[in-house]
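Novice: Quick one: the structure is below, and I'll ask about it shortly.
Computed from the coordinates by the stated procedures, all read-outs in this text should not be read as laboratory data. Since we're looking at a predicted model, the values are computed, not measured. Because the Cβ atoms are built from the backbone with ideal geometry, glycine has one as well, and the counts that use them run over all protein chains shown.
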């Protein structure tokens, strides 16, 4: 964390933490937000889906653009749009304005993570794994910050105040990145060569998705993303309405998702290296399935807390093993483009999760909505297990 590389790693990680905090802080406050804006569960879910969908759409182009332009250009632009978007959300007098703010924040968030990872890779070679570990941990820390911030703000002020520290720290990260980075800003230019390069990239990626194994992996990951974004959007609301949790206790359970994640992710990655990545990924999904089933049926506070912990362990153990397996499947020559396109697809499909929960919960209750997520995890686990047997 010292010297030029260390300073940039720090500021880029702080920016990523604020993106995650801003995207997740709404979840513990959602009942309050729905009450003040007079919106239904479905409308709340659609707003969260809009944020996640635009974030997903930015994954592939932002990676390609960061190769043509400077990383600094994309990172500063992303933080600027994010800050503007969350400022609009915080001051939104109506649902329509709220949606506009969520859309702008989603675009800004989508521009950031791929160039950030590329910059970390540029800055570190011999200690790249450690640098990526620190940068990745900042994202999980953003979830913990979001839960704590929501609980603290709801105790003393309105939900809108929660976005003030998020915007201030994001702007601070923007200013420091502007001052510390030695890269220059580049203006977008369009030429025939750039157009041909884009067409070639899309063609190469399309051929990759014609492979049945790749399609199967993408379906499995998309179902996982659907469950994750459903839970990330509505777990606190589910606990408050269906399990009679206080906002503070529901926020603490939400924070537990990310605390457990920081513990199990290194273990999952290590087990995947030693045993089999698909087997570890599928096993984690079965653990997550057991956690959701227990959560739906649990009645006591202790049982609910244990179910959340079990579900978090399974859900958070999946990405390290599966992402490593995807990197094994993709060829080196097009790995970056393939990964960016894959993230766009599975995060984009997953963005429908909050809308699903909002619709089903509004008609049949949160228990029915969360019970439906069991099927997604079981199908995803089955696909990965079949692929593991074929290895």
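Novice: From the C-alpha coordinates alone, can you work out the Kirkwood hydrodynamic radius of the stretch 196-391, in Å?
Specialist: Result for the stretch 196-391, one decimal place: 17.4 Å.
Novice: So, one more: What's the exposure ranking of 86, 69, going from fewest to most Cβ atoms within 10 Å?
Specialist: Fewest-to-most Cβ neighbours within 10 Å comes out as 69, 86.
Novice: Roughly speaking, what is the centre-to-centre gap between the stretch 6-66 and the stretch 224-291 when only Cα atoms are used, to the nearest Å?
Specialist: Between the Cα centres of the stretch 6-66 and the stretch 224-291 lies a distance of 18 Å.
Novice: Related question: Rg over Rh of the chain, using C-alpha atoms and the Kirkwood radius, what does it come to?
Specialist: So for the chain, dividing Rg by the Kirkwood Rh gives 0.95.
Novice: Using only the Cα atoms of the stretch 1-139, what semi-axes does the equivalent ellipsoid have when each is the square root of 5 times a gyration tensor eigenvalue? Give whole Å, largest first.
Specialist: For the stretch 1-139, the ellipsoid semi-axes come out as 31, 15, 12 Å.
Novice: Please report, in whole Å, how far the alpha carbons of the stretch 227-323 spread along each principal axis, starting with the longest.
Specialist: Between the extreme Cα coordinates on each principal axis of the stretch 227-323 lie 42, 21, 21 Å.
Novice: Next question, about the same structure. How many angstrom separate the Cα center of the stretch 133-160 from the Cα center of the stretch 343-391?
Specialist: Computed from Cα coordinates, the inter-centre distance equals 25 Å.
Novice: Rank by packing, highest mean first: peptides 309-321, 168-180, 144-156, with packing defined as the count of other Cβ atoms within 10 Å averaged across residues.
Specialist: For the peptides 309-321, 168-180, 144-156, the packing ranking is 309-321, 144-156, 168-180.
Novice: Still on this structure, I have one more. Got a sec? How would 292, 259, 267 order by Cβ neighbour count within 10 Å, fewest to most?
Specialist: Ascending Cβ contact count within 10 Å gives the list 267, 259, 292.
Novice: Using only helices, what value at 222 nm comes out for the chain when you add -39,500 (n - 2.57) per DSSP H run of length 4 or more and divide by the total residues, to the nearest 500 deg cm²/dmol?
Specialist: The helix contribution divided over the chain gives -29500 deg cm²/dmol.
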